[in-house]
Amino acid sequence: MVYGSPNYGDVLDDIAVRSGKREAAIYYGYQAFFIRLSGSFQALLFALVHILTGFPAGVTSYTELVAESATPDLALLGIRAHAALIPAIIVLVTIFIFWKWYDLTPEMVAANKEKLKELGL
């Protein structure tokens with residue numbers, strides 16, 4: 001899970017320039033909320049995929065998986081989906097969101113820094 005973002009400070013600066021006041025704490029609160037929400041979503045997704053792929057509860061090794069699962073190949077596919085497919089889809093969606101709505105350019109960031117100095121923020 002990615003917590004920090006190198007451009008988060010630029011976003012907070014842009015919000016401060018637009019609103020005329022620094023309120024970074026509220027945005028850190030929003031960030032914390034969504035990070036915790038993503039943990040719940042992850043647990044729900046793991047449970048759903050394991051149920052759909054027939055992964056037996058309590059299995060700790062591949063040998064147990066083959067012995068206890070009616071469809072060990074499907075259960076392994078679920079594990080692989082957790083490790084690669086689902087994170088790849090989520091990353092592609094977030095890349096699209098970032099590309100579509102992040103419009104800060106280096107020139108805008110520099111202008112925001114100057115405006116913050118003028119505002120005394």
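Values quoted throughout were computed directly from the atomic coordinates according to the rules given, and no laboratory measurement underlies them. On a predicted model such as this, the values are computed, not experimentally measured, just so you know. In this analysis, Cβ positions are derived from the backbone assuming ideal geometry, glycine residues included, and neighbour counts consider all displayed protein chains.
For this structure, a couple of remarks:
- Simple Cβ-charge dipole of the chain, Lys/Arg +1 and Asp/Glu -1, about Cα centre, in debye nearest 20: 320
- Low-density loop positions, GluC sites (Glu not before Pro), segment 1-72 - DSSP coil, at most 12 other Cβ in 10 Å: 23
- Counting every pair of alpha carbons in the chain, the share spaced more than 17 Å apart comes to 69 percent.
- Length gained on full extension, residue 66 to residue 40, computed as 0.36 nm times the residue gap minus the Cα-Cα distance: 6.5 nm.
- Simple Cβ-charge dipole of segment 1-58, Lys/Arg +1 and Asp/Glu -1, about Cα centre, in debye nearest 20: 140
- Calculated FRET efficiency for the pair residue 7/residue 85, C-beta based, R₀ 35 Å, to 0.05: 0.80
- Unit charges at the beta carbon, dipole of the chain: most positive-side option, 49, 30, 71: 30
- Among the chymotrypsin sites (Phe, Trp or Tyr not before Pro) within segment 26-104, those in coil by DSSP and having at most 14 neighbouring Cβ atoms inside 10 Å are 102.
- Estimated from the Cβ-Cβ distance and a Förster radius of 30 angstrom, the FRET efficiency linking residue 94 and residue 47 is about 0.85.
- Value of relative contact order over the chain, rounded to a whole percent, pairs C-alpha under 8 Å and six or more apart: 36
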